[in-house]
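Okay, so here's the structure we're looking at.
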Amino acid sequence: MSGDLNGNKILGAVLATAFVIISVQQVTGAIYHTEAPEKMGYFVDAPEEAAGGAAEAELPPDWGTVLPTADLGAGEAAFARCQACHTATAGGPNGTGPNLYGVLGRPVASHAGFAYSEAMVAHKAEAPTWTYDELDQFLTAPGRHVPGTKMSFAGIRDTQTRINLIAWLRSQGSGGVAVPAPDPARQPGAAPAEDAAGTPEGAGTEAGGPVDDMGQQVPATGAAGQPTTQATMPGQPDSDTTQTNNTAR
Ligand code: HEC
């Protein structure tokens, strides 16, 4: 009995896995077939950006969890690549870019004496404040998050480096910006892990029924048995059924 159930579960898991693989192949195939004829540049870039962008959009850092353990020293070191254009000291001068003291929590494009691009001023309408998420997305890819920005900086791909840097920027005049409470929905791996564990189990359990039917052993036996019974008592199938049901109740 338990052997059969285990067999069904394994079979269900195998079928579910096969289904996922086939689905992924079809989706991937659709993307490649759609993109390939147009331009090789898009063909190469689009899947990478789409995958990265989607992952980042779905799972932004869980600031309440990552900030307390952020490496401020590493964040300060990461700021070295900003220093060509920015200072972060209190009352520090504007350079190619605006002074960044207290930038976390500061209104976008608001620093006195700096001539922001039209793009950055326009960005203010959709994102008025430099929140953790806004800084994170801007620093990931400035030109993608604020198209037309005059900050000519490619961006920081590594999430932990951005976290360290933002934690350090917070220590430079933004200590009043609260660290949010941990958000389980943002914890890396939490959502994917639940999906990964839940899908095979759920699919396996559900597949247990269909597998029996698809095996056709039960239906075949029933189909063969009924005609035999009816052939024996051609005139009374209805009453038999009714009596059986009544007895059962
Ligand atoms: C090559 C010069 C340059 C580098 C390098 C650079 N920035 Fe900038 N940054 C700018 C300029 C110019 C602006 C103004 C953008 C605009 O107006 O479109 C800016 C704007 C910003 C803003 C918005 C500030 C505000 O007041 O709204 C932030 C935040 C920022 N930079 C952070 C950084 C950080 C952090 C780094 C390092 C990882 C960095 N920048 C590297 C030139 C630079």
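Tabulated data
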| quantity | calculated |
| --- | --- |
| Segment 95-118 residues that are more than 17 Å from Val146 (Cβ to Cβ) and assigned by TED's automatic domain parsing to the domain that holds Lys150, paired with ones that are outside any loop (DSSP other than H, G, I, E, B) and more than 6 Å from the ligand (Cβ to nearest atom) (beta carbon under 8 Å, 6 or more apart) | Gly105/Thr129 |
| Answer residue from segment 146-186, given it is in a helix (DSSP H, G or I) and surrounded by fewer than 18 Cβ atoms within 10 Å (Cβ to Cβ) and is farthest from the ligand (Cβ to nearest atom) among those | Pro184 |
| Residue in segment 123-144 that is surrounded by the most Cβ atoms within 10 Å (Cβ to Cβ), counting only those that are without any contact (Cβ under 8 Å) to a residue 24 or more places away in the chain and among the hydrophobic types (A, V, I, L, M, F, W, C) | Phe138 |
| Helices (runs of 4 or more DSSP H) lying entirely in segment 62-141 (those with 1 or more residues that are more than 9 Å from the ligand (Cβ to nearest atom) and of a type in the set (Ser, Thr, Tyr)) | 63-66, 132-140 |
| Tally, over segment 102-112, of residues that are surrounded by 19 or more Cβ atoms within 10 Å (Cβ to Cβ) and either within 19 Å of Ser171 (Cα to Cα) or not aliphatic (A, V, I, L, M) (or both) | 4 |
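The values are calculated or read from the model by the stated rules, or taken from the named source; none is laboratory data. Only a predicted model underlies this, so the values are computations on that prediction, with no experimental measurement involved. All Cβ positions, glycine included, derive from the backbone under ideal geometry; neighbour counts span all protein chains shown.
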